[in-house]
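The values are calculated or read from the model by the stated rules, or taken from the named source; none is laboratory data. Quick caveat: nothing in here was measured; it's all calculated off a predicted structure. When we count neighbours, we look across all protein chains shown, and the Cβ atoms used for this are built from the backbone with ideal geometry, even at glycine.
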Amino acid sequence: MSGRRRKANAQQVETKSSRQPYEVDMAASAEEVYKALARLAKAAEAAGDYANAHCTTFNMVRDAITRIIPNDPLSKNYALRGDLSNIFRLRKGRLRICWIASSKMRRVCILFISETLRKEGDASDPYVIFQSLLESGLFDDVIRRFGVRAIPKTPERGKLIH
């Protein structure tokens, strides 16, 4: 490799690694779930049960929120499709975390955290629940504040592609 190309590659790597992660906010509903998961994990740890499912779930959520999402929140790998392509989600087993992000503000807002079973079309399907919350207008203020394209109020059910 030529000296010029090596230097250009080194600069690209330096730029990528020196980029600061996005700051993370949470909608009130997501924060409630996060705190509940933390309480359950703390109780299991206090009982000496570090292998408890609550500990595992909380550690996965904490890792996602502190490391995975802030480092690449706008990755197409996380994007939902269709009318909701401006919303992102992370799947880990039963866990679903949905968020919006602003590249201008370099901020992420976690909108939804769920660990319910995924059964397409079922009332307790996390995507059905999340879509209902979106349609209710619960997140309208934060979506506006982040400058994200508005979400249609009456999307066709099942339109949320996961």
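Side notes on the structure shown:
- Any hit, the range 37-47, residues being farther than 14 Å from F112 by Cα, aliphatic (A, V, I, L, M), surrounded by fewer than 13 Cβ atoms within 10 Å (Cβ to Cβ) and without any contact (Cβ under 8 Å) to a residue 24 or more places away in the chain: yes
- The residues of the range 1-31 that are in contact with a strand residue (DSSP E or B) (Cβ under 9 Å, 6 or more places away or on another chain) and either of a type in the set (K, R) or at pLDDT 95 or above (or both), listed by number, are Y22, E23, V24, D25, M26, A27, A30, E31.
- Looking only at the range 79-88, residues that are in contact (Cβ under 8 Å) with a residue 40 or more places away in the chain, under 13 Å from the mean Cα position of the chain (by Cα) and surrounded by 23 or more Cβ atoms within 10 Å (Cβ to Cβ) come to 1 in all.
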